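Read the figures in this text as sums done on the coordinates, not as results from a lab. In this text the structure is predicted, and so the values were computed from the model without any measurement. Positions of Cβ are generated from backbone atoms using ideal geometry, with glycine treated the same way; all protein chains shown enter the neighbour counts.
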Amino acid sequence: MGNKKISVVVPTFNEEKYVEKLLTTLSWQTIPRTDYEIIIVDGGSVDRTLEICRKYADKIVIQETPTVGGARNDGVKNAEADLVFTTDADCMVTHNLLERIILDFKAYPDVVMVYGVVTPIERSFKNTFLIELNNVFVKILYRFKIYLSVGANTAFRKKPFIIMRGFPAVGAGDDYGLQFRMRKIGRIMFDGGLRVYFSMRRYEKYGFGRSFYEWLYNVFSELLKRRVPPEKRYYRKLY
């Protein structure tokens with residue numbers, strides 16, 4: 001391993017409208033820029049995504065493994081640090097997020113995975129209500145050892161992650177599926193102070209009900225090993 005304290009993995013696919021906002025917030029962290037690296041895993045963008053990413057990223061990896069979970073795994077393979085944080089290209093992070101992650105893992109050596117909460121970027125009443133309600137459920141369920149982690153705000157130790165084969169390369173629910181693997185090898189921790197600003201654009205475009213239904217359909221189809229019809233599959237463009 002090198003001298004990086006943490007690696008950040010971001011899957012991208014035609015994200016020219018959003019990715020620079022994320023990369024800007026990742027560049028304004030409270031730890032020195034030399035202490036962390038930004039890894040972009042691109043799924044074949046044909047817009048200005050890569051042009052923008054080259055101004056900020058330390059590494060740009062071409063995605064080899066299908067699905068967003070596969071993209072995250074491709075990024076981890078190229079990570080230099082022992083700690084890895086994953087997020088999405090249309091998010092933004094708080095200025096002390098990486099420092100807080102590092103401190104969490106330092107304080108709790110038995111913890112193999114840490115996750116936090118999300119706040120909608122598009123601050124309508126509906127979006128705010130739905131997401132904050134979800135955050136409440138996340139906190140309550142954590143007490144019962146039910147970990148509703150999201151790939152947009154998850155960090156983990158690289159070695160246990162690799163041992164447990166990383167994110168499931170499935171059509172949906174890869175982020176939630178990770179915790180089932182990681183809990184077998186160590187403790188999972190929820191930190192409500194880890195906050196990522198999350199885009200609701202897909203929910204606004206397709207509707208919350210339809211988006212949730214299709215996500216749930218994909219998750220249970222993967223669990224039951226059923227074939228998912230093409231119109232219900234999650235593709236790279238839906239990162």
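In table form, for the structure just shown:
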{"read-out": "Reachable aspartates and glutamates from Lys4, criterion Cα separation under 14 angstrom, eight or more residues apart if same chain", "value": "Asp35, Glu37, Asp58, Glu80, Asp82, Glu99"}
{"read-out": "Listed pairs Lys77/Lys106; Lys106/Lys158; Lys21/Lys126; Lys5/Lys159; Lys77/Lys139 exceeding 20 Å between Cα atoms", "value": "Lys77/Lys106; Lys21/Lys126; Lys77/Lys139"}
{"read-out": "Calculated Rg and Dmax of region 6-201 using C-alpha coordinates, Å", "value": "15.5, 45"}
{"read-out": "Summed residue charge, Cβ within 13 Å of Asp58's Cβ, Lys/Arg positive, Asp/Glu negative", "value": "+2"}
{"read-out": "Positive-pole candidate from Ile101, Val61, Gly186, dipole of region 6-201, charges at beta carbon", "value": "Gly186"}
{"read-out": "Other-chain or far-sequence residues with amide H under 5 Å of Ser45's (modelled H)", "value": "Asn14"}
